[in-house]
Amino acid sequence: MTIRRDLRGYGRNRPTIIWPNGARVAVSLAVNFEEGGERSIEDGDAENEPFGEVISVQPPGIRDLVQEQVFDYGMRAGLWRFLDALEARRFGATFMMCGRTVERVPDLARAVTDAGHEPAVHGWRWVAHSRYTDPQTEKADIIRTRDTIAAATQVKPVGFMSRGGQSAWTRSLLAELGFAYDSNALNDDLPYWDVLDTGQRMLVLPYGFDTNDMKFFHPNGFVEPDQFSRYVGAALDVLAEEAAAGRSSMLSVGFHLRICGRPARFAAVQAILRKLAAMGDSIWVARRTEIAAHFRKMHPMDT
């Protein structure tokens, strides 16, 4: 399989998409449900996940309890903050679920879907799918994750996004398995159809690393909560201005239970939700499966 770069995309001939409530801007709230799926000596890995609240001081091969507990916080406390805040605003979100996480806490995964949110496949473990060296193993893990989520939540996930990059076969496997959309893309402001060299087509819903709380863990990223909320607000303002001129778009806002689930950083979540509520019907806050279904209806793959 060959992954071809496309530097042109839609160009100036962008499709006009009016979302179901009449808005031109769709907003996806994506909450990562991956704690317990990260690399750890505790779970049989050769190394611990190095990416966390602080730099790990454990040498290779030594279990890192500090890192585990940073992740544990997301499930123990952060999850409930998010569910309560989303319920208060009546916003639906897409929860990107690692299969290993769901296997450990199926009741928490069920609490997410019982609250009306969408589950999506986020890989069996919180690792990049580019690490797969053969399509058979990757396919088995995608199916395993999908089925584990479905068994726990009673909702079959139809969307996918892995950590980091995909393998050369990921998107083809998703098409073969009947997934409705893939979110491993950072290259547009609208969904688009990707034509694979196998002849398959896959609907792609772009994601964003800039409007994402992971930047609190980057040295060149956010520090104060209002830096994140103001950044997201600026993106919304620009897209709203463009919408007034007739341009359609989609914006993803990414959250992590262990990051913005912390009290200080949760202030950014609250500010973002207030901003979205204040914008009313000038935007459409929706689950990714709803965005994919409407885009497919408005811009089918044979056009």
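Which residues does the label zone of E87 cover in the range 249-268, counting backbone N under 17 Å from a point 7 Å along Cα→Cβ? None, by backbone N distance to the label point.
Directionally averaged projected area (the range 147-232, Cα convex hull): 7.5 nm². Summing Lys and Arg as +1 and Asp and Glu as -1 over all other residues whose Cβ lies under 13 Å from the Cβ of P157 gives a net charge of +2. Solvent-accessible area per residue in the chain equals 45 Å², computed with a 1.4 angstrom probe and all protein chains kept.
Amide H contacts for N212 (H built 1.01 Å from N in the peptide plane; partners 5 or more residues away or on another chain; cut-off under 5 Å): G254.
Specify the inter-centroid distance of the range 242-303 and the range 173-188, based on alpha-carbon positions, in whole Å. Measuring centre to centre over Cα atoms gives 18 Å. Here the scattering of the range 1-55 is modelled by Debye summation over its C-alpha atoms, one equal scatterer each and no solvent; at q = 0.14, 0.18, 0.23 Å⁻¹ the log10 of I(q)/I(0) is -0.80, -0.84, -0.97. Taking all protein chains as they are arranged and a probe of 1.4 Å, the heavy atoms of H129 leave approximately 0 Å² accessible to solvent.
Mean separation of Cα pairs under 8 Å and 6 or more residues apart, divided by the residue count, gives the range 1-70 a relative contact order of 19 percent. Helical runs (DSSP H, four residues minimum) scored at -39500 (n - 2.57) apiece and divided by the length of the chain put the mean residue ellipticity at 222 nm at -11000 deg cm²/dmol. Label-to-label distance for D237 and N220 is 2.4 nm, based on points extended 7 Å past Cα in the beta-carbon direction. The mean sequence separation of alpha-carbon pairs under 8 Å and at least six residues apart, normalised by the residue count of the chain, gives a relative contact order of 27 percent. Sorted largest first by accessible area at a 1.4 angstrom probe radius, with every protein chain in place, the residues E290, E38, E224 fall in the order E224, E290, E38. In a reduced charge model with +1 at each Lys and Arg Cβ and -1 at each Asp and Glu Cβ, the chain shows a dipole moment near 740 debye about its Cα centre. The modelled label-to-label distance between T137 and D281, using points 7 Å beyond Cα along the C-beta direction, is 5.3 nm. Taking amide hydrogens as placed 1.01 Å from N in the peptide plane, the amide H of F95 sits under 5 Å from those of V31, E118, A120, each at least 5 positions away in sequence or on another chain.
Taking the inverse of the mean 1/r over every pair of distinct Cα atoms in the range 26-72 gives a Kirkwood hydrodynamic radius of 11.6 Å.
Multiplying each eigenvalue of the alpha-carbon gyration tensor of the chain by 5 and taking the square root yields semi-axes of 29, 25, 18 Å, largest first, rounded to whole angstroms. Local charge for Q136 was computed over the other residues whose Cβ lies under 13 Å away, with Lys and Arg +1 and Asp and Glu -1, and equals -2. Counting 0.36 nm for each residue step from A111 to R63 and taking away their Cα separation leaves a gain of 14.3 nm.
Once you list every other residue whose beta carbon is under 10 Å from the beta carbon of C98, what net charge do they have if Lys and Arg are +1 and Asp and Glu are -1? So the environment of C98 carries a net charge of 0.
Using heavy atoms of the protein chains and a probe of 1.4 Å, the accessible area assigned to K156 is about 130 Å². Report, to the nearest whole %, how much of the accessible area of the range 25-298 belongs to carbon and sulfur atoms, 1.4 Å probe, protein only. Of the solvent-accessible surface of the range 25-298, carbon and sulfur hold 51 percent. Between R4 and A267, the distance separating the two model label sites (each 7 Å from Cα on the Cα→Cβ line) works out to 5.0 nm.
Restricted to Cα atoms, the range 195-274 shows a radius of gyration and a Dmax of 15.6, 48 angstrom.
Under 5 Å between amide hydrogens, built in the peptide plane, is the criterion, and for A185 it picks out Y207 among residues at least 5 positions away or on other chains.
The values are calculated or read from the model by the stated rules, or taken from the named source; none is laboratory data. If you're wondering where the values come from, they're calculated on a predicted model, not measured in any experiment. Note that we place each Cβ from the backbone using ideal geometry, even for glycine, and neighbour counts take in every protein chain shown. Protein only, heavy atoms only, side chains kept; ligands, DNA and RNA dropped before computing areas. Shrake-Rupley method; radii C 1.70, N 1.55, O 1.52, S 1.80 Å.
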